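This report concerns only the one structure given below.
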Amino acid sequence: MGPALTFTLFILFIAITLVITFWARANTRGTDDYYAGGRAFSGAQNGLALAGDYMSAASFLGIAGIIALSGYDGFLYSIGFLVAWLLTLLLVELMRNAGRFTMADVLSYRVRRQPRVRTAAVASTVTVSVFYLLAQMVGAGALVSLLLGVSTDTAKIVTIVAVGAMMIVYVMFGGMKATTWVQIIKAVLLMGGTTVLTVMVLSRFGFNLSDMLGAAARNSGHAGFLQPGGRFGKEVAGDPLRTLVNKLDFISLALALVLGTAGLPHIVSRFFTVPDARAARTSVNWAIGLVGVFYLMTLALGFGATALVGQDAIAAQDPAGNAAALQLARALGGDVLLAFIGAVAFATILAVVSGLVLASSTSLAHDYFGHVLMFGRPRESQEVAVARFSSCVIGLLAIGLAVIARHQNVAFLVALAFAMAASANLPAIVLSLFWRRFNSSGVVAGIYGGLGASVLLVVLSPVVSGKVDPVSGRSLSLLPAGVNFHVFPLENPGLVSIPFGFLCAVLGTLLSDEKVDPERYQELSVRSLTGTGSHRAPARRSRRRRRDGGKKTATGLRHPEGTQTDTPQGDSP
Amino acid sequence: MGEARHRSAGAPRGWYAGLAQDRRFRLLRTRFYRLAIGIVASFLGWYFLYIWLSAFAREFMARPVVGNINVALLLGVLQFVSTFALAWRYSRYARRMLDPLSEQLREEAAAMEAEREHAERLAAERQRIESWAPPRRNAAHRRTREGRS
């Protein structure tokens, strides 16, 4: 009954979201609609969608599993994921005011050689998105075997393809409007499901947190289950160097988590779906509230799973602990709750991958096609068509890669995506907004330097080769035991690659003889702080009037990019 | 290409430089920078203090506070509390000290922009009237095209 119910609930979710997708298809006309949902979402709606984009299956299932198996250290992930939002809160209004649809809009605003900057931004957006996508889709394949109990290869492939196909449908047809509603529904479901689980767990212990922790610690049998050190920064007796490396690795992870969020493409593209900067601030505040409450609840999920299910049972189902939340659901509410939580997990994956595909196809169509190939003057209808097409291509690419990598443990890709976002995108964003001398060579050097460093360091790290289980002799890396070319000791590149990204951006600027236009910087700083001339939501007019009277936005006309950025178009209410 | 190349279509040179020199804008910028630096310093400092304690001061973190709740858990939950508090503080400050200034500047800029556009339209119209010449027979098609634009 369990799997059938999960399946029914999931089909229900898909049916509802498909209806929304077709509604969105009928209401999507130009680039503003396709990329930014017409900039008509309220702060609260966009806040829910931001939270929906952010709370991936990796955090729902993964963190609960890490807490259940390694104790306190899973909570360190939760904290990093939340604290990062403060940086986002500080940047969101500036980026909303200065940009139009993508990060590249902000980066290229004040520089001379736009195509180079746009191309670099596209490269990093697509790379980060594809790595993150891959982690999520492979996770979907693993989830089906946990839920339905079938671990056949075919089941995994079918799941990956099905999730991928749905994601392509949402993004291709519905654009930002459909994707945002998918996120909102998913965020409500996920918050609801997690709250139900948390309340049920706590009620088992008379709502006494201390009792729950005590039961979890007793059940785990570890002495230090409630203290840091179970998983990150392990102390190796008699090997101070190894201990230090482990601790640096942990600090490196913490750095990437806290600095990566503000540069994640699917988060950045959501800044532009609200009418103005104030609504963008409201939406990030909503996201902070939702994400904070959610990550606090992961404590109850993880420790509750240890206390009520037991570590042996969790590890038996999945050695990485990804099944902990599902097993907890079964222990608390039987097959019905398991089915519900399973459907929520699928919805979670589906929503996150849609957001990622949308962000990367937006970047390809708007930045690469629109600004590099068409010199900033494509027809709006052309650009949307290219966006739809590239979402299909990226979706198929992700499906293909995920099917190939379906047996690998690719959870490290999430941390890698954060590290790449922090080392490639963050320096470019921050320096563009705040450094007068920053120029296009700096942007390009910073993006490629940060991106290259993080990928290279991971390839040379124990994640890819050379990490061997000392007891069984099995390989813990991506490549089989015996292959060993790891040079870099840390598994998380952030500690090196983030400063390196900043350094490249600064050196690239200082070493080039490119002149900067000081007025362009003044313009950016005036616009980003005051919102003068920003792209607003169209004033509340009926669609028909807008289409008839809106000379500037009607599809099919030449894309009035220049006039749009400089004169407020159709926005002054 | 794109936006950078087409500025001439919108604001004239010096327009934004003038705004950037405005006292109110400089006040706005100073306030924002001060606020942002304060918030970044406090949350990053506090977060990395917590991370450092988790990595290097484990005996301290393991100390029990109430029942099974130890220092590590307490500090972890305090990270949540501080995040909420800083977000609230930023939003309150922005609402009170930044929004009124930016709104004022934005509205003034929009008004000036509208005035400028109006003046440009007038000048263009004037140009068109002044350069009007009596119709010649062989230029009939040109006249109709002009009339439409």
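The values are calculated or read from the model by the stated rules, or taken from the named source; none is laboratory data. Treat the numbers as computed from the prediction; the structure is a model and nothing was measured. Cβ placement follows ideal geometry from the backbone for every residue including glycine, while neighbour counts extend to all protein chains displayed. Only protein heavy atoms, including side chains, enter the accessible area calculation; ligands, DNA and RNA are left aside. Shrake-Rupley method; radii C 1.70, N 1.55, O 1.52, S 1.80 Å.
If you keep only loop residues by DSSP, which trypsin sites (Lys or Arg not before Pro) in region A:469-536 have at most 14 other Cβ atoms within 10 Å of their Cβ?
Answer in residue order: A:Arg474, A:Lys515.
At 7 Å along Cα-to-Cβ for each site, give me the label-to-label distance between A:Gln408 and B:Val40 in nm.
Rounded to a tenth, the inter-label distance reads 3.5 nm.
Mind checking B:43-50 for the average number of partner chain beta-carbons within 10 Å of each residue's beta-carbon?
4
Taking a ≥ b ≥ c as the square roots of the Cα gyration tensor eigenvalues, with a/c under 1.5 meaning rounded and otherwise prolate when a/b beats b/c, else oblate, which class fits region A:1-50?
Since a/c reaches 1.5 but b/c is at least a/b, the shape of region A:1-50 is classed as oblate.
How much accessible area per residue does the protein assembly as shown have, in Å², with a 1.4 Å probe?
With all protein chains present, the protein assembly as shown gives 40 Å² per residue.
Dipole magnitude of the protein assembly as shown about its Cα centre, charges +1 at Lys/Arg Cβ and -1 at Asp/Glu Cβ only, in debye to the nearest 20?
Charge dipole, the protein assembly as shown, about its Cα centre: 2780 debye, nearest 20.
List the chymotrypsin sites (Phe, Trp or Tyr not before Pro) within region A:179-259 that DSSP assigns to loop and that have no more than 14 neighbouring Cβ atoms inside 10 Å.
Hits after loop and neighbour filter: A:Phe207.
Counting only other chains, what is the mean number of Cβ atoms within 10 angstrom of the Cβ of each residue in peptide B:69-75?
Whole-number average of other-chain Cβ neighbours for B:69-75 is 5.
In what sequence, highest mean first, do A:110-120, A:419-429 appear when ranked by Cβ atoms within 10 angstrom?
A:419-429, A:110-120
Give me the count of lysine pairs in chain A whose alpha carbons sit under 27 angstrom apart, restricted to pairs 8 or more positions apart or on different chains.
Number of lysine pairs found: 8.
Helix-derived [θ] at 222 nm for chain A: sum -39500 (n - 2.57) over DSSP H runs of at least 4, divide by residue count, nearest 500?
About -22500 deg cm²/dmol.
Could I get the Rg over Rh figure for region B:22-69? Both from C-alpha atoms, Rh via Kirkwood, rounded to two places.
1.37
Write out the trypsin sites (Lys or Arg not before Pro) in region A:174-212 meeting two conditions: DSSP loop, and at most 14 other Cβ atoms within 10 Å of their Cβ.
In loop regions of region A:174-212 (DSSP not H, G, I, E or B), there are no sparsely surrounded trypsin sites (Lys or Arg not before Pro).
Shielding by partners for B:90-98, please: the mean number of other protein chain Cβ atoms within 10 Å of each residue's Cβ.
3
Can you list the equivalent-ellipsoid semi-axes of the protein assembly as shown, largest first and in whole Å, using the square root of 5 times each Cα gyration tensor eigenvalue?
Rounded to whole Å, the semi-axes are 47, 28, 24.
Report, in degrees rounded to the nearest 10, the 0 to 90 angle that the Cα long axis of helix A:2-26 makes with the longest principal axis of chain A.
Tilt of helix A:2-26: around 0 degrees.
Of all the stretches in chain A, which is the longest one without any exposed loop site, taking GluC sites (Glu not before Pro) in a DSSP loop (any state but H, G, I, E, B) with at most 15 other Cβ atoms within 10 Å?
In short, A:236-513.
Between helix A:494-511 and chain A, what is the angle of the helix's C-alpha long axis to the longest principal axis, kept within 0 to 90° and rounded to the nearest 10?
Helix A:494-511 sits at roughly 20 degrees to that axis.
Translational diffusion coefficient of region A:16-123 at 4 °C, 1.567 mPa s, Stokes-Einstein with Kirkwood Rh over Cα pairs, in µm²/s as a whole number.
76 µm²/s
Between A:Ser210 and A:Arg474, what is 0.36 nm times their sequence separation minus the Cα-Cα distance? Round to one decimal in nm.
91.2 nm
Would you work out the charge dipole size for region B:1-120 about its Cα centre, treating the Cβ of every Lys and Arg as +1 and the Cβ of every Asp and Glu as -1, and quote it to the nearest 20 debye?
500 debye
Cβ neighbours within 10 Å, averaged per peptide: list A:284-292, A:371-379 in order, most packed at the top.
A:284-292, A:371-379
What translational D, rounded to a whole number of µm²/s, comes out for region B:30-112 from Stokes-Einstein when the hydrodynamic radius is the Kirkwood one over Cα pairs, at 37 °C and 0.692 mPa s?
After rounding, the answer is 214 µm²/s.
Ordering B:Trp52, B:Trp132 by how much accessible area each has at a 1.4 Å probe, largest first, what is the list?
B:Trp132, B:Trp52
Any idea what angle helix A:380-404 forms with the longest principal axis of chain A, computed on alpha-carbon atoms, 0 to 90 degrees, nearest 10?
Roughly 20 degrees between the two axes.
Taking the Cα centre of each part, how many Å lie between region A:357-405 and region A:418-486?
25 Å
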